[in-house]
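Worksheet: one structure, shown below.
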Amino acid sequence: MFKKKFIKLTILSLVTLSIGSSALVFSTQSVDAKTVVSQTARKSVLTFTKADLERATKIKLLVSNVQKIYNLLSETDTWKELGYNDSQAAKIAQRVSLSSRQSQGILKDMLNNANVEFKVVYMNTGWFERVNIGSEVVTENVPEVEVLETETLDSETPEVPATGTLDKNIKEIEIEIDYRAKNKDINLDVDVKKDGRVKAEFENEATRTKVKGDQAEAFVIDIFDSVDVRTMSKNDIKNHVLNKLNADKNFKKFDFKVKYFDESKVDFKIK
């Protein structure tokens, strides 16, 4: 494990974006401002200080300049300056652009606390890339308690290639598909907080698949990417979900619920 003199405490959960794939390689033509929290063949966790962002954007981080710096962090060139290659920089810029409230919140936290740093998590699973952003508090000169990290092999848990994003207006998703036969039921639960945190769980008894977190979110994205169920009929929703999950159409009960932050919802059962 990478040894460091800082203890990193994550204070903001991460928003996930699932996108195409590229090698996990960092540019050598960079300002080398990053702090490497951890780095493996699949995942890198880097943090950037207020000074790092100011050097890359050439703008001093003040209350009056938060919007300007956010705008520059939404541009590919800024992340190239911070050490990422062209493809990675473009994807991180896209992530920041899609997370305006979270990104500007991090910048404001950095103004109020000198120990807060801007975190970027870049993961390449082989199926797809994930770009996560958040913030961390850095406490100096505190002995680090080493925690062993485990990484699940691809062969142990099935994944699906996610190539899109979840509608930012979705607050909650519940899908239950029950069958008369035993060990065939399917359940998908998603809870999205206002700050972008996503809690997802997926279980398919027929395929013995039970996952949570990023892997469960991949199933969600595969189902809901570019789809607005508020404009679809119940039958169309049912067929779409069953097709995406490759599920048996001879179910006992199909229970579907999606709630949105504007209090609208799609809620129905088919038996």
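Explain nothing, just the number: relative contact order of segment 170-270, from Cα pairs under 8 Å at least 6 residues apart, as a whole percent. Walk me through the numbers on the way to the answer.
Numbers: 166 pairs, mean separation 31.5, N = 101.
Relative contact order, segment 170-270: 31 percent.
Stick to Cα atoms and the Kirkwood definition of Rh, then tell me Rg/Rh for segment 179-271. Mind dumping the intermediate values first?
Details: Rg = 13.4 Å, Rh = 14.1 Å.
Reported Rg/Rh, Kirkwood definition of Rh: 0.95.
List Met123, Met110 from most exposed to least, where exposure is judged by having the fewest other Cβ atoms within 10 Å. Write out the running numbers ahead of the final one.
Working: Met123 18, Met110 21.
Going from sparsest to densest Cβ surroundings: Met123, Met110.
Rule-based calculations on the coordinates, nothing more; no lab input. All figures in this text were calculated on a predicted structure; none of them were measured in a lab. We place every Cβ from the backbone using ideal geometry, glycine too, and count neighbours over all the protein chains shown.
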